[in-house]
1. Do you know which of the residues in the stretch 416-455 that are of a type in the set (Asp, Glu) and more than 30 Å from residue 317 (Cβ to Cβ) is surrounded by the most Cβ atoms within 10 Å (Cβ to Cβ)?
2. Considering only the stretch 69-83, state which residues are surrounded by fewer than 16 Cβ atoms within 10 Å (Cβ to Cβ) and either in contact with a His (Cβ under 9 Å, 6 or more places away or on another chain) or assigned to a helix (DSSP H, G or I) (or both).
3. Within the group 253, 242, which residue is of a type in the set (Phe, Trp, Tyr) and either part of a loop (DSSP other than H, G, I, E, B) or closer than 21 Å to residue 407 by Cα (or both)?
4. Where the second residue is at pLDDT below 95 and in a loop (DSSP other than H, G, I, E, B) and the first is under 24 Å from residue 350 (Cβ atoms) and not assigned by TED's automatic domain parsing to the domain that holds residue 437 and lies in the stretch 248-262, which pairs have Cβ atoms under 7 Å and are six or more apart or on separate chains?
5. Only one of 263, 257 is of a type in the set (Val, Ile, Thr), under 20 Å from residue 180 (Cα atoms) and surrounded by 21 or more Cβ atoms within 10 Å (Cβ to Cβ). Can you tell me which?
6. Consider residue 479 against the criteria (1) in contact with a Ser or Thr (Cβ under 9 Å, 6 or more places away or on another chain); (2) over 29 Å from residue 355 (Cα atoms): it satisfies all of them except one. Which criterion is unmet?
7. Which count do you get for residues in the stretch 358-376 that are assigned to a helix (DSSP H, G or I) and either touching a residue at least 60 places away in the same chain (Cβ under 8 Å) or touching a Ser or Thr at 6+ places or on another chain (Cβ under 9 Å) (or both)?
Amino acid sequence: MINKAKAFIILGNQLFSPIHLKSFKDHHFMMAEDYHLCTYVKHHRQKILLFLSAMRSYAEELKKANLTLTYFDCKHELFKKSYEDKILNFLNKFKTKHVSLFEVEDKFFETQLINFFKKNKIEYNFIKSPMFLSSRDDFKEYLQNNKKPFMGNFYKIQRIKFYILMKSKNEPLGGKWSFDEDNRNKLDPKVAIPKHIIFKQTNHTENIKKFLEKNFLDHPGTLDSFNFPTTRKDTLNLYFDFLKNKLNLFGDFEDAISQKSHILFHSMLSPLINLGLLTPEQIVSETLAYAKTNKVKLNCLEGYLRQIIGWREFMRGIYQNYESKLENTNFFKHNKKLTKSWYDGTTGIDPLDHTIKNCNQYGWSHHIERLMVVANIMNLSGIEPKSVYRWFMEMYVDSSDWVMAPNVYGMGLFSDGGIFATKPYICASSYLLKMSDFKRGDWCETLDGLYWQFIEKNKIFFGKNYRMAMMVKILEKMDKDKKKKIYSAADNFIKKNTN
């Protein structure tokens, strides 16, 4: 018998195993497909397809677990009404003003819901999210104990706290906390790239695809190449395939860029973890269990787990505590806007155009393409931070405010002035040539010009930065004719590709 005085709202990115709901079996559950959440930025069409498909499959999972669910789909009369209208409809139906829900990570929506609950005198209860290992209070305590947040020391604390890859209480396995220096190899042409699983699409996916072919036409992204798992079973299949076929070379080639494959040895799990179909606790326990019975190189094992227990948790903590500063600071005072070329991949810089076209086709690229190709070149071009942020939110299926804000503003652009980074992550063509299979071409002069112009415009800042001061000295000694040539190429690029 359902106790109608209790309700539980599940957001579309909280598709956790029903085991996490066992204490709420007497609640009535609500899920909603929502037009405004699909359109507050022009999300990639594959992202909308992934979310709605996964939500519908999850609804079936809840019903199989004998949980009572009210589901608002895109054909419901309230689809284009506010999310709050759907909640009111749901609560009025069951005559209750008591709501539980998992922590809402994106600040704008958390604030929106809290204001709504207070205005309507609805009692609400936030429950710690299984989407993260650490609590929000854990990170606040970390900040109280450290003058400046650094991922390195946060990661060390995480390793000790959860006793992951440890030889003893304070000694890491292999004698080092990070093997990152071993993980910066160009792809070896002799190494076979593993095939990616092709997923059979559910009826939900097929139906939503038909809906999207007629709707959200002004959003980026193709639908035909959609190949993400939308069920927990398929998500686990993808994860175990990664362990078996990719993990042991993940570290070696995690920074490599290849025109042959946009996936290489990456897991492609970020969208699914961010949906709740897989939790970091599962990943850590299963990965360590796999490594116990299978030969996995330590640099690969450590490198992968660092992304889960280190970077991901760290970025969430940074967002939760510095969101306003991240979003409202423009350290380099950039003010240029993106043109259409940044969305269709016709900028003239080969690695950038390649990444943009892949984003349109797949809604995903790996971290080096995001950081050292797209964000780097946007930063060097003087694009305003919020335009860069919007692009990343629109072009990736794994985008969420909580993860994109610190990654774009703090890591990709340094537009926050260095909340946790010590310098901007910028590069000229030499780094991309070193890490990829792209050939030298005119794009190199353009990128080199953008890079050195950026150093020159900010030479006072870089001159005081111990990690970048040498670049200022190199610039001062640069041949004048070379500088004139590459600066001209950069100027032409900016004229063509910015407003």
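1. Ranking the candidates gives 448 first.
2. 80, 82
3. Result: 253 is the single residue among 253, 242 that is of a type in the set (Phe, Trp, Tyr) and either part of a loop (DSSP other than H, G, I, E, B) or closer than 21 Å to residue 407 by Cα (or both).
4. Partner pairs satisfying both residue conditions: 254/183; 255/183; 255/184.
5. Among 263, 257, only 257 is of a type in the set (Val, Ile, Thr), under 20 Å from residue 180 (Cα atoms) and surrounded by 21 or more Cβ atoms within 10 Å (Cβ to Cβ).
6. It fails just one condition, (1).
7. Result for the stretch 358-376: 12.
The rows are residues; the columns are (1) in contact (Cβ under 8 Å) with a residue 40 or more places away in the chain; (2) within 23 Å of the chain's Cα centre (by Cα).
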{"site": "111", "(1), (2)": "no, yes"}
{"site": "115", "(1), (2)": "no, no"}
{"site": "124", "(1), (2)": "no, no"}
{"site": "128", "(1), (2)": "no, yes"}
{"site": "156", "(1), (2)": "no, yes"}
{"site": "165", "(1), (2)": "yes, no"}
{"site": "168", "(1), (2)": "no, no"}
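The values are calculated or read from the model by the stated rules, or taken from the named source; none is laboratory data. This is a predicted model, so every value here is computed, not measured. Note: ideal-geometry Cβ built from the backbone for every residue, glycine included; neighbour counts use all protein chains shown.
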